[in-house]
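In what follows, a single structure is set out as structure tokens and then discussed.
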Amino acid sequence: MRQKVVLITGANGEMGHGLIQYLAKHTDCNVVALDVVPLDKSLRSLVSTYIVGDVLDQMLLGRLVVEHEIATIYHLASILSTKAEYNPETAHRINVEGTLNLLRLAVEQSQWQGTAVKFIYPSSIAAYGIPTLKDKAEAGEVVEEDWNYPTTMYGCNKLYCEHLGRYYNSHYRQLAADHEGKTTVDFRAIRFPGLISAETVPTGGTSDYGPEMLHAAAKGEAYNCFVRPDTIIPFMVMPDAIKALVKLEEVPKNRLSKYVYNITSYSISAQEIFDIVKKSFSNADIHFAVDPARQNIVDTWPERLDDSAARQDWDWSPDFDCERSFGEYLIPAIKQRYE
Ligand code: SER
């Protein structure tokens, strides 16, 4: 008998850490963790198997399904927005071809099993692209369908992969004689705001100034925030992000009216983050030194998101507002971490 498992790609990343810990604590599912680097030692006892490998390695993915019956895939592997700009074509391969490989694996598995494999996909505010600061200020709470003109390779990749997911869910091989009634993948995506974790720092994102200010101050390191103080985007702490992923995975399909959902918690300026960090770490050596290119990217991302569809369809609501995020989670946990 093959083992029924949950597959997590990008398992060693920020979200992977949070998700593996959550699943180990709250469920009895068997996790197969895949990442290009070896899984952190602290996570190894929490998974059934960890595999060092690439989502572009089709042989590896093929071998995975020989041994495992995959019920759910959390496809977290991705090259984030800043890093992707240094080599957009490589980012495209990993972000898009990697997703395509996993979707194909999921659809094949669904057909073997006669039941749809759930494919949980983290998309991003980077899928939006608002052309001017005036438009950004006037846009208010942005809904999923508006301002879908991303300016980064990462954002283009995320937006396109949302469409790929919809295609694999509903239109895959639509001209095939045996298409009618065939089981396909059950695709569900969330557009996340900037994420902040007390445990890990992201690598290569453009919302990283938030977590970086905080972690640098706690470590006693100097840091230059690369966006203007008045820059506002939505942020969310990792426990809420993980809760959302799991909640969306669990909800019955017939409650879902969309493939892709915004979620949000609170919108905050870089100045406000700076003020909280200064107050919490009196020796913080943080300054503003704007990087115009990275600033341009953040300027295209919405100030606020409308997450009413997620609230309506799967009872989404964050546990952490701004005050709780910093006061009860980030500051105490980060202080403890670097003590
Ligand atoms: N946090 C991501 C980034 O900055 C956006 O999804 O790239």
Can you tell me which of (1) more than 15 Å from the ligand (Cβ to nearest atom); (2) more than 15 Å from the chain's Cα centre (by Cα); (3) not in a helix (DSSP H, G or I) is the one PRO150 doesn't meet?
(1)
Would you call GLY155 surrounded by 20 or more Cβ atoms within 10 Å (Cβ to Cβ), more than 12 Å from the ligand (Cβ to nearest atom) and under 20 Å from SER81 (Cβ atoms)?
no
Output the number of residues of the range 161-212 satisfying the condition of being outside any loop (DSSP other than H, G, I, E, B) and hydroxyl-bearing (Ser, Thr, Tyr).
4
Where residues in the range 164-206 are polar (S, T, N, Q) and within 16 Å of the ligand (Cβ to nearest atom), which of them is surrounded by the fewest Cβ atoms within 10 Å (Cβ to Cβ)?
THR203
All positions within the range 130-172 that are of a type in the set (Ser, Thr, Tyr) and farther than 21 Å from THR206 by Cα
TYR167, TYR168, SER170, TYR172
For ILE51, work out the one condition from (1) within 16 Å of the ligand (Cβ to nearest atom); (2) surrounded by fewer than 21 Cβ atoms within 10 Å (Cβ to Cβ); (3) not in a helix (DSSP H, G or I); (4) not charged (D, E, K, R) it doesn't fulfil.
(1)
For LEU19: the one exception among (1) buried (at least 23 other Cβ atoms within 10 Å of the Cβ); (2) closer than 19 Å to VAL65 by Cβ:
(2)
Does PHE288 satisfy being of a type in the set (Phe, Trp, Tyr) and surrounded by 20 or more Cβ atoms within 10 Å (Cβ to Cβ)?
no
So which of SER265, SER317 ends up being surrounded by 13 or more Cβ atoms within 10 Å (Cβ to Cβ), in contact (Cβ under 8 Å) with a residue 12 or more places away in the chain and either of a type in the set (Gly, Ala, Ser) or in contact with a His (Cβ under 9 Å, 6 or more places away or on another chain) (or both)?
SER265
Members of the range 3-54 that are in contact with a Leu (Cβ under 8 Å, 6 or more places away or on another chain) and among the charged types (D, E, K, R):
GLU14, ASP54
If we scan the range 254-276, do we find a residue that is of a type in the set (Val, Ile, Thr), over 24 Å from the mean Cα position of the chain (by Cα) and closer than 22 Å to PRO318 by Cα?
yes
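Just so you know, all these numbers are worked out from the coordinates, no wet-lab data involved. Note that the structure is predicted; figures quoted are calculated from it, not measured. Positions of Cβ are generated from backbone atoms using ideal geometry, with glycine treated the same way; all protein chains shown enter the neighbour counts.
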